[in-house]
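Notes for the one structure printed next.
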Amino acid sequence: AGGLDAVSMRHVAAELGCGTMSLYNYVPRKEDLYELMVDAAGGEHELWEPGGDWRAEMLRVGHQTRALMHRHPWLPRLMSGVHSSSPNTLRYLEHCLACLDPLEASYGTKVELVAMLNAVVTMYVSNELAVAERTRSLPWSEEQEHAVRAAYLGGRLATGAYPRLAQAFTQGAGPIDPEAVFERTLGRVLDGFAPRGR
């Protein structure tokens, strides 16, 4: 509730109504507490009966993981291979591999796909959370911020010193749709694992 920086053995012990030293009998280190937190959050993953379309299944996994990380904004900071052997994490990985059964690839490659998908989702959500936090801390409105930045950028591009950037902004005119960008990002990751010629 208070974010990752508020997590301490002392705070958890106080919430449980026990002494800090008593808690150490059950959770030897704060890192173990982190692993329990990751496992608890991982228990929120919906596990469904795969339908046979591995690409659609993994897109669903990616969207679900993104929503999970937004519900628990501390989670991206703890995403690593260190916390990958807890019960809920193992169930999640087994589910992902079941979703990938139709993909013609070794299980090693499939595990790599799941790891890459999780890494991309983690990076994407980390950026979303950072932008949201920065926006909340602005001393002026978000619209004012965008207007000042757009004016500065327009002035820089007008100098002719950045012709490729100018083309990029001209071709990509209009507001960015974060949902569409997320979908394309996941799709490009998954495309890298599709069998050749398909």
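Of all residues in region 24-48, those that are assigned to a helix (DSSP H, G or I) and either of a type in the set (D, E, K, R) or within 21 Å of the chain's Cα centre (by Cα) (or both) total 13. Restricting Arg156, Arg196, Arg149 to residues that are farther than 20 Å from Val61 by Cα, touching a Leu at 6+ places or on another chain (Cβ under 9 Å) and not hydrophobic (A, V, I, L, M, F, W, C) narrows the list to Arg156.
Only a single item in (1) more than 17 Å from Ala67 (Cα to Cα); (2) assigned to a helix (DSSP H, G or I); (3) open to solvent by 50 Å² or more (accessible area, probe 1.4 Å) is not met by Ala166, and it is number (3).
Scanning region 8-23 for residues that are outside any helix (DSSP H, G or I) and either in contact (Cβ under 8 Å) with a residue 24 or more places away in the chain or over 21 Å from Trp74 (Cα atoms) (or both) gives Gly17, Cys18, Gly19. A search for C-beta distances below 9 Å between a residue of region 53-78 that is more than 23 Å from Ala130 (Cα to Cα) and any residue that is open to solvent by less than 30 Å² (accessible area, probe 1.4 Å) and among the β-branched types (Val, Ile, Thr), counting only pairs 6+ apart in sequence or on different chains, returns Met58/Val114; Met58/Val189.
All conditions but one from (1) in contact with a helix residue (DSSP H, G or I) (Cβ under 9 Å, 6 or more places away or on another chain); (2) open to solvent by 70 Å² or more (accessible area, probe 1.4 Å); (3) at pLDDT 95 or above; (4) not hydrophobic (A, V, I, L, M, F, W, C) apply to Glu94; the one that does not is (1).
Scanning region 169-193 for residues that are part of a loop (DSSP other than H, G, I, E, B), at pLDDT below 90 and either in contact with a helix residue (DSSP H, G or I) (Cβ under 7 Å, 6 or more places away or on another chain) or on the phi < 0 side of the Ramachandran plot (or both) turns up Gly172, Ala173, Pro175, Ile176, Asp177. Exactly one residue out of Val120, Val181 is under 27 Å from Pro76 (Cα atoms), surrounded by 10 or more Cβ atoms within 10 Å (Cβ to Cβ) and free of Cβ contacts under 8 Å to residues at least 24 places away in the same chain, and it is Val181.
The values are calculated or read from the model by the stated rules, or taken from the named source; none is laboratory data. Just so it is clear, the structure is predicted and the values come from calculations on it, not from any experiment. Don't worry about glycine lacking a Cβ; one is built from the backbone with ideal geometry, like all the others, and counts go over all protein chains shown. Just so you know, the surface numbers come from the protein's heavy atoms only, side chains and all, with ligands and any DNA or RNA stripped out. Shrake-Rupley method; radii C 1.70, N 1.55, O 1.52, S 1.80 Å.
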